[in-house]
Structure formats: C-alpha cells, structure tokens
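Reviewing the structure listed below.
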Amino acid sequence: MQRELLKTAQQALRAGLNRARRRKSSSPLLIVGLAAALYIVGQYWYEPDAPLPSRGAELICKISHVYDGDTVAVRCDQGKLKVRVYGIDAPEMGQQPWGEISRDMLRGLAPADRVRVRVVDTDSYGRTVAQLLYEDQDLGLTLVRQGGAVVYERYNSFQSYRTAQAEARQEQLGIWAKPGAQQKPWEWRKLNPR
C-alpha cells in the first residue's frame, strides 16, 4: 500500500514539475518546491533492503505483503526482506484459481503482529529461504496441512510436512480437491516460463 501511495504521489509531483517547466511564466520557486516535495516523499517512504541474513539466524519481523502462497515480504529492524517460505511449493498466481486460493490461505495464516523468520538459506533469486513461525506454529507446515501448498521434496525432508500433505490429500483439502497441475507447481512453471 505504501509503495502504491509513493508511486501515485511521485507521478503527481512529476506531472506538476513537468507542467511547471513547460510554462514560461512558471515561478522557479514553484519548480524548486515541487522537486523538493518529490525528494521528500521518496525519502519518507524509502525502506532499505536488509542485508541477507546468515543461515540459522532468527529475526523478528512483520509480514508486510503476501505475494503468493510461498513468498512474502517482511519488515525487520534491519530493513525489508523478500522471503521464500521454506520447504513448500505453492501454485503460481497464473494457475487460476489455485494461485489466489493459496495466497489467500497464507494471508489468512499471516499474523497481524510479529513472526519469527528462521533463516535456512538464500535461493537463486536472492530471496531469503526461511521458516515463518508464529508462536509455535510453522506457517508453511500449516499451509501444507490445509492443502494450500505441496511439500517441495527436493528441498524438504521433514516427515511432519510429508505426513501433513498425505492427510490433506486424503481429506481432499485445497489443491487436493481435484487433480491438476496445481499439485505440481514446478511442472507448471516449466511449461509456463516467465
């Protein structure tokens, strides 16, 4: 939301600055004022990226945005991080309606206050791979248990995730309600590259 407000404010200020430049009778003071306002708005909402945390680190953060069923943005004291939820793979947003369903499930699980981010690794996209923990609840495991994502077996060997997936599948929850590519997001991505 802040990013959208920032873009809107910057666009409005740039448009005003461009109009002021085109008018020959515009006051230089107006142009300087608009430029200063544009700078101040940008600085007010600028949020630096946190340095990539090391494996095993635990950070206390707040989830600021849920991109999809397995990727979130968090704000920590050190700055902002893009986090890939450890051990799961969720349907992509292009996999309708499954991508939205998975994202909304994770949004429903995401607490309004602080979460613990337990860092496992960094992926090839520069995202922090981490478990998201709220109190004693592993949000990724809960998402698998509710049928919102599958176990990313290539990266996750925890039996608790496999058991949760088997139960969700047996009960036909979420993505298991009917067969399809939503149950193997990695295969869908291969057929639908970005």
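Where a number appears in this text, it was derived from the coordinates with a stated rule and is not lab data. In this text, all values refer to a predicted model and were calculated from it rather than measured experimentally. Quick reminder, even Gly has a Cβ in these numbers, built from the backbone with ideal geometry, and neighbours come from all protein chains shown.
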| message | How far apart, in nanometres, would the label points at residue 154 and residue 100 be if each is projected 7 angstrom from Cα along the Cα-to-Cβ direction? | response | 2.8 nm
| field | Gained length - residue 172 relative to residue 112, 0.36 nm times residue gap less alpha-carbon distance | value | 18.7 nm
| field | the range 113-168-the range 83-112 distance, computed between alpha-carbon centres (Å) | value | 11 Å
| What order do you get for 178, 62 when you list them from fewest to most C-beta neighbours inside 10 Å? | 178, 62
| said: Please arrange 60, 88, 101, 175 by how many other C-beta atoms lie within 10 Å of their C-beta, fewest to most. | reply: 60, 101, 88, 175
| Distance in nm between label sites at residue 14 and residue 78, each 7 Å beyond Cα in the beta-carbon direction? | 3.2 nm
| note | In nm, the gap between the two label points placed 7 Å beyond Cα toward Cβ at residue 187 and residue 122 is 3.4 nm
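Expected output is a single nm value to one decimal: the length gained when fully extending between residue 135 and residue 62, i.e. 0.36 nm times separation in residues minus the C-alpha distance. What is it?
Roughly 25.0 nm would be gained on extension.
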| 10 Å beta-carbon shell around residue 151, net charge (K/R +1, D/E -1) | 0
